[in-house]
1. Are any of the residues in the stretch 106-127 touching a helix residue (DSSP H, G or I) at 6+ places or on another chain (Cβ under 8 Å), of a type in the set (S, T, N, Q), open to solvent by 10 Å² or more (accessible area, probe 1.4 Å) and more than 21 Å from Arg73 (Cβ to Cβ)?
2. If we only count helices (runs of 4 or more DSSP H) wholly inside the stretch 247-330, which ones have 1 or more residues that are polar (S, T, N, Q), in contact (Cβ under 8 Å) with a residue 24 or more places away in the chain and within 17 Å of Val79 (Cβ to Cβ)?
3. Which of the residues that make up the stretch 232-246 are assigned to a helix (DSSP H, G or I) and within 15 Å of Asn177 (Cβ to Cβ)?
4. Residues in the stretch 280-306 that are over 14 Å from Ala252 (Cβ atoms), of a type outside the set (D, E, K, R) and surrounded by fewer than 18 Cβ atoms within 10 Å (Cβ to Cβ): how many?
5. Does Phe75 fit the bill of being touching a residue at least 12 places away in the same chain (Cβ under 8 Å), open to solvent by less than 50 Å² (accessible area, probe 1.4 Å) and under 14 Å from the mean Cα position of the chain (by Cα)?
6. Given the conditions (1) in contact with a Leu (Cβ under 8 Å, 6 or more places away or on another chain); (2) farther than 20 Å from Val299 by Cβ; (3) not in a strand (DSSP E or B), and given that Leu135 satisfies all but one, which numbered condition is not satisfied?
7. Does Val21 satisfy being crowded, with 18+ Cβ neighbours inside 10 Å, β-branched (Val, Ile, Thr) and modelled with pLDDT under 85?
Amino acid sequence: MVTIKDVAKEAGVSIATVSRVLNNSPRVNEETKKKVLDAIKKLGYSPNLVARSLAKKSLKTNVISIVVPFFTREFFVEVLRGINNVISKTDYSIHLYNIERIEDREKIFSPELFNRCDGLIVVSFDIKKDEAKILKNAQKPVVLIDSYHPEFSSVYVDNKKGAYMAVRYLIATGRRNIAFVSGVINDPLGFMASYRRYEGLLEALKEARIPFNPLLHIQTGFSLEKGYRAGKTLISRGIPFDAVFCASDIQAIGLMRALLEEGIKIPEDVAIIGFDDISDARYLGLSTVKQPMTEMGEVGAKILLDLLLGIENSFTHLELPLELIIRLTS
């Protein structure tokens with residue numbers, strides 16, 4: 001019996017490409033499409049038309065829903081940019097659901113959401129047990145970006161590892177009194193990035209046998225103003241610190257302003273490392289842990305499209321690499 005794998009091999013393309021041709025996807029150029037169709041004809045391949053018909057009937061909306069928190073923050077803007085780079089080349093439209101309150105989350109993660117879309121992308125939320133049950137029962141493709149769950153395709157980075165890299169570097173350069181500016185560690189909305197970056201910081205300090213002073217930890221929001229206030233608070237406590245690791249670049253940039261106002265030299269007196277590598281970090285010479293924000297969105301969107309096409313073996317857990325970028329602040 002001829003299979004889709006045989007067709008892919010004959011045409012010299014991937015199984016995903018054959019599936020796209022069978023589903024008349026606009027993502028395949030004419031030359032490649034001809035190769036696949038010629039291979040189908042040559043091999044006498046007959047796809048399961050009943051299964052394909054059922055699959056097409058389930059695609060009722062031509063909409064992909066995206067659940068994202070605080071989508072005006074630069075990290076989320078870049079992830080959404082990546083998603084749009086891929087989806088805009090298809091016939092799908094995007095419905096964006098912004099979550100900023102616990103009530104928003106309760107409303108969004110409901111069966112009704114799936115009546116309005118063919119597939120779902122969830123950005124940065126760790127999926128709870130009851131939410132996972134709702135998503136599974138909907139029987140529609142789901143992809144997680146910037147989070148992980150064993151039952152859903154996930155594209156993510158290792159936040160703990162990224163923080164460990166940053167703090168280990170600070171220690172290697174002679175810093176011993178390292179402060180930490182983060183988001184809320186036990187965030188009620190379920191954001192886990194700050195918690196995992198906190199774990200990475202503690203691991204690096206423990207490895208170097210350096211105790212961490214809780215009074216050098218400021219939990220605050222992700223904005224320039226919050227980072228600025230965090231800097232002022234650290235200074236006012238009167239506890240010596242010679243480095244600050246920030247859970248985001250935007251906090252680090254605000255903190256830089258606060259320290260410079262007090263006559264503190266960067267990096268001579270205090271070294272600073274952020275996280276993300278936003279455009280302003282590059283412009284200001286901020287050392288940071290670079291994560292592939294746009295790429296995460298692009299990869300997640302491509303996986304969802306493959307799932308919508310019913311491509312075999314498209315389920316995946318993909319960890320993207322982080323990179324420690326050393327610039328002027330450390």
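1. Yes, there is a match, as at least one residue in the stretch 106-127 is touching a helix residue (DSSP H, G or I) at 6+ places or on another chain (Cβ under 8 Å), of a type in the set (S, T, N, Q), open to solvent by 10 Å² or more (accessible area, probe 1.4 Å) and more than 21 Å from Arg73 (Cβ to Cβ).
2. Values: elements: 249-261, 279-284, 293-308.
Qualifying helices (runs of 4 or more DSSP H): 279-284, 293-308.
3. First, pick out the residues of the stretch 232-246 that are assigned to a helix (DSSP H, G or I): 232-236.
The answer is Leu234, Ile235.
4. The total comes to 1.
5. Working: touching a residue at least 12 places away in the same chain (Cβ under 8 Å): yes; open to solvent by less than 50 Å² (accessible area, probe 1.4 Å): yes; under 14 Å from the mean Cα position of the chain (by Cα): yes.
Yes.
6. (2)
7. Working: crowded, with 18+ Cβ neighbours inside 10 Å: yes; β-branched (Val, Ile, Thr): yes; modelled with pLDDT under 85: yes.
It is true that Val21 is crowded, with 18+ Cβ neighbours inside 10 Å, β-branched (Val, Ile, Thr) and modelled with pLDDT under 85.
The values are calculated or read from the model by the stated rules, or taken from the named source; none is laboratory data. Note that the structure is predicted; figures quoted are calculated from it, not measured. Note: ideal-geometry Cβ built from the backbone for every residue, glycine included; neighbour counts use all protein chains shown. Quick note on the areas: whole protein, heavy atoms, side chains included, nothing else; ligands and nucleic acids left out. Shrake-Rupley method; radii C 1.70, N 1.55, O 1.52, S 1.80 Å.
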